[in-house]
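Heads up, the thing below is written out as C-alpha cells.
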Amino acid sequence: MKTENNFIDYGIYIDRKRSFIISLNHVIHEQLIEEETEENEGTLPRSTKVEGQQEHLQNDRNEQLKKFCKAIIAKLEQAHSILIFGPSVSKYELQKEIRENKSLKHVKEELLVTDIMDKEMALHFVQDHFTSVTVGQQVFTAAKKD
C-alpha cells in the first residue's frame, strides 16, 4: 500500500545519447537505455531514402521511444513528483506517457528544457530543484545533512 512516507521525488534527465533517473535521496539509481532516436534518420544516404524506408524508420523510432518511456515509467511506482529535464525532444513523449498512465495520475510532473549535463551536473540540478524553498520572492536552499 502506498503511503505518503514511501513516495519518492524523481528527476529524469534525457539527452540524445543517454538518460538516467535520480531520486530525491540523491542517489543515481540507474542509467537507462541509451537513446539515439533523433540521430537514426541520418543512417541512410539521402539518395536511397524512399518514402517507404522513411516511414519504416520513423515507425521504428516511435516504437523505440515508446519502449524507452515504458522502461522509465516502470521504475516510478512510488513517485510523488517527477522532474523531466534535458535537451532531448523525447522528454515531451515521456511527459505524455506519464500523463496517460493511470497508476501515475496522482504524480505531480514538471518539464524543463536544459542544456546537456553529465550525471554530476544533473544530480546537483535535481538536488537544487527539490530542496529549494520559495518564501515571498526569495528562494532558499535547505541545508543538506551529511
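Would you call GLN58 surrounded by 11 or more Cβ atoms within 10 Å (Cβ to Cβ), at pLDDT 85 or above and more than 13 Å from the chain's Cα centre (by Cα)? When the stated conditions are applied, GLN58 passes them. Residues in the stretch 9-20 that are at pLDDT below 90 and either open to solvent by less than 10 Å² (accessible area, probe 1.4 Å) or part of a strand (DSSP E or B) (or both): ASP9, SER19, PHE20. There is no residue in the stretch 27-38 that is modelled with pLDDT of 85 or more, open to solvent by less than 80 Å² (accessible area, probe 1.4 Å) and either in contact with a Pro (Cβ under 6 Å, 6 or more places away or on another chain) or more than 20 Å from HIS129 (Cα to Cα) (or both). Any residue in the stretch 112-124 that is on the phi < 0 side of the Ramachandran plot, modelled with pLDDT under 90 and either surrounded by fewer than 10 Cβ atoms within 10 Å (Cβ to Cβ) or among the charged types (D, E, K, R) (or both)? Yes, that holds for at least one residue. Within the stretch 84-99, not a single residue is assigned to a strand (DSSP E or B), within 18 Å of VAL126 (Cβ to Cβ) and open to solvent by 70 Å² or more (accessible area, probe 1.4 Å). Restricting attention to the stretch 63-83 and to residues that are modelled with pLDDT of 90 or more and within 19 Å of THR131 (Cβ to Cβ), the residue that is surrounded by the most Cβ atoms within 10 Å (Cβ to Cβ) turns out to be ILE82. I need every pair where a residue in the stretch 102-124 that is farther than 16 Å from LEU24 by Cα has its Cβ under 8 Å from the Cβ of a residue that is open to solvent by 90 Å² or more (accessible area, probe 1.4 Å), sequence separation at least 6 or different chains. Partner pairs satisfying both residue conditions: SER103/GLU77; LEU111/TYR92.
The values are calculated or read from the model by the stated rules, or taken from the named source; none is laboratory data. Predicted model only: the values in this text are computed from it and were never measured. Cβ: placed from backbone, ideal geometry, glycine included. Neighbour counts: every protein chain shown. Side chains are part of the model used for accessible areas, which takes the heavy atoms of the whole protein and leaves out ligands, DNA and RNA. Shrake-Rupley method; radii C 1.70, N 1.55, O 1.52, S 1.80 Å.
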